[in-house]
Amino acid sequence: MTVSNLSLNNVTAHKQYSELADIPSSQSANVQDAYPSRLATPPATLWQPRQDAVIKGRHLSGPLSEAQLDEFERKGFLFIPNLITGDELDELREEMQSLMSTDEYRNKDFSITEPDSNEIRSLFAVHQLSERLGALAKDERVAGAARQIIGDDPYVHQARINYKPGFAGKGFNWHSDFETWHAEDGMPGMHAVSASLILTDNHEFNGPLMLIPGSHMKFVPCLGETPEDNHKSSLKAQEVGVPSHEALTKLVAEHGIEAPKGKAGGLLLFDCNTLHASNANLSPDPRSNVFFVFNRPDNRCREPYAAAKRRPDFLAHEPDESGR
């Protein structure tokens, strides 16, 4: 799989923060957990205020306007329609189909199948499996937007293709990605952003992503100890690390729910702490996207805050593993 005829604008270095020279091998006793979760007993409050700024790179060059940065800061997400079109989009969709139909990937750890079938639901580390998608992860239109949000040249913390087939694609429970990355991967702070390029039309009937605008400003701690190798089940159906119904009810009453929809080629950017979920796809139309998580180098993962060990590398890359 090689890159050919793909219009790319490579990201330019704009380093602003120093990487941590020494990363501890384990969380020491004097390291305070700013976002405790996976608790044994209910917390005193349903959520706590966010402690990290949302937009940290307004002074840096990039594709996002001030108005777009303002919208992201206010809502915790931003949808950019028609970012990629024409032949470039067709080639990306062909690459997705090629990767998802590669039989040798089907039983690998980085390949996640639907809960009740052998159909691939998610394929991880795709920026390493595909030169084309690796180049897309460095494209200024995508990585440059991440730079403006997180305030430094990003590295790929996680990359995957998500595929929700027609009639059979399952939904996914409400969650904050940061809660999982913090608890199970050891990501210290909220300095990461997700970029989801939709490769099929997203409409109200094929299970589009639903987000609670404004929820990124509140960290919702979750109950329940992290099981050993939790990722083996949570990537199919998440049961640990999900907010309480009471917290969700109050947040939705305050902020509502939005589901950005549009033609293939649109880009959805959303904050690592924005609560989101998706319904099952009962329509004939599949829904798919290529998904990059961009993290700041000085926010690289350490030891997990609420798990016995870190998850496998394909779920949480290091800066030097991501081609940065």
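The values are calculated or read from the model by the stated rules, or taken from the named source; none is laboratory data. If you're wondering where the values come from, they're calculated on a predicted model, not measured in any experiment. Reconstructed Cβ throughout: ideal geometry from the backbone, glycine too, with neighbour counts over all protein chains shown.
Here is how the numbers come out for the structure above:
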read-out: Restricting the stretch 277-292 to residues that are buried (at least 24 other Cβ atoms within 10 Å of the Cβ) and in contact with an Asp or Glu (Cβ under 9 Å, 6 or more places away or on another chain), the residue that is farthest from N162 (Cα to Cα); value: R287
read-out: Where a residue in the stretch 238-257 is over 23 Å from R38 (Cβ atoms) and its partner, wherever it lies, is surrounded by fewer than 21 Cβ atoms within 10 Å (Cβ to Cβ), with Cβ under 8 Å and at least six apart; value: E254/G214; H255/P213; H255/G214; G256/P213; I257/M210
read-out: Counted residues, the stretch 44-95 - those being out of contact with any helix residue (DSSP H, G or I) (no Cβ under 7 Å at 6 or more places or on another chain) and of a type in the set (K, R); value: 3
read-out: Residue within the stretch 155-167 that is closer than 19 Å to G76 by Cα, touching a residue at least 60 places away in the same chain (Cβ under 8 Å) and among the aromatic types (F, W, Y) present; value: no
read-out: Residue within the stretch 32-39 that is surrounded by 15 or more Cβ atoms within 10 Å (Cβ to Cβ), among the hydroxyl-bearing types (S, T, Y) and either modelled with pLDDT of 95 or more or more than 21 Å from the chain's Cα centre (by Cα) (or both) present; value: yes
read-out: Lone unmet requirement of (1) basic (K, R); (2) touching a helix residue (DSSP H, G or I) at 6+ places or on another chain (Cβ under 6 Å); (3) without any contact (Cβ under 8 Å) to a residue 24 or more places away in the chain for R296; value: (3)
read-out: Residue that is farthest from S194 (Cα to Cα) [pool: residues in the stretch 76-98 that are surrounded by 21 or more Cβ atoms within 10 Å (Cβ to Cβ) and either modelled with pLDDT under 95 or charged (D, E, K, R) (or both)]; value: E95
read-out: Elements of type strands (runs of 3 or more DSSP E) contained in the stretch 158-216, each with 1 or more residues being of a type in the set (G, A, S) and within 21 Å of L267 (Cβ to Cβ); value: 192-198
